[in-house]
Amino acid sequence: VGSGELWSVRTNESLPAEVRAAAVPCENADRPVGQWNAFDIVVKGDRITVINNGIVVIDNAYYPGLDVKGPIGLQHHGGINPQTGKLMGASSLVQFRNIWIKEL
């Protein structure tokens, strides 16, 4: 559907369907390959809102068991073709810039 998914919530089959559905972006707000995407991710307690390029794609989703302290990780599921050793398409290359963390 687009970027911003809360993967560990969506794939957790022990959670109710409505909780898992809220972890999937409601629309694809991604820019074309080669252009920067801008994300605002707001976490308040066990609730997360994801704004992708100015569009709310996840609105106040419940994230059960979310740690209130600890490291912040940036994750991407791209990869390298094991046979060629090269990136598997343009979407496999991910770069990050201008990352700010602000306590609310």
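Considering only residues in segment 20-55 that are surrounded by fewer than 17 Cβ atoms within 10 Å (Cβ to Cβ) and β-branched (Val, Ile, Thr), the one that is farthest from GLN75 (Cα to Cα) turns out to be ILE55. Among the candidates GLY4, GLY85, which residue alone is assigned to a loop (DSSP other than H, G, I, E, B) and either touching a Gly at 6+ places or on another chain (Cβ under 6 Å) or exposed (fewer than 14 other Cβ atoms within 10 Å of the Cβ) (or both)? Sole residue among the options that is assigned to a loop (DSSP other than H, G, I, E, B) and either touching a Gly at 6+ places or on another chain (Cβ under 6 Å) or exposed (fewer than 14 other Cβ atoms within 10 Å of the Cβ) (or both): GLY85. Scanning segment 50-64 for residues that are over 16 Å from GLU18 (Cα atoms) and in a strand (DSSP E or B) yields VAL50, ILE51, ASN52, ILE55, VAL56. Mind checking whether some residue in segment 30-42 is under 14 Å from GLU5 (Cα atoms), in contact (Cβ under 8 Å) with a residue 60 or more places away in the chain and aliphatic (A, V, I, L, M)? Yes, some residue in segment 30-42 is under 14 Å from GLU5 (Cα atoms), in contact (Cβ under 8 Å) with a residue 60 or more places away in the chain and aliphatic (A, V, I, L, M). Can we say VAL43 is in contact with a His (Cβ under 9 Å, 6 or more places away or on another chain), modelled with pLDDT under 95 and of a type in the set (Val, Ile, Thr)? Spelling it out, it is not the case that VAL43 is in contact with a His (Cβ under 9 Å, 6 or more places away or on another chain), modelled with pLDDT under 95 and of a type in the set (Val, Ile, Thr). What is the number of the single condition among (1) touching a strand residue (DSSP E or B) at 6+ places or on another chain (Cβ under 9 Å); (2) part of a loop (DSSP other than H, G, I, E, B); (3) closer than 18 Å to PHE96 by Cβ that GLN35 does not meet? Of the numbered conditions (1) touching a strand residue (DSSP E or B) at 6+ places or on another chain (Cβ under 9 Å); (2) part of a loop (DSSP other than H, G, I, E, B); (3) closer than 18 Å to PHE96 by Cβ, the odd one out for GLN35 is (1).
The values are calculated or read from the model by the stated rules, or taken from the named source; none is laboratory data. Nothing here was measured: the structure is a model prediction, and the numbers come from that model. Heads up, the Cβs are rebuilt from the backbone with ideal geometry, glycines too, and the neighbour counts pull from every protein chain shown.
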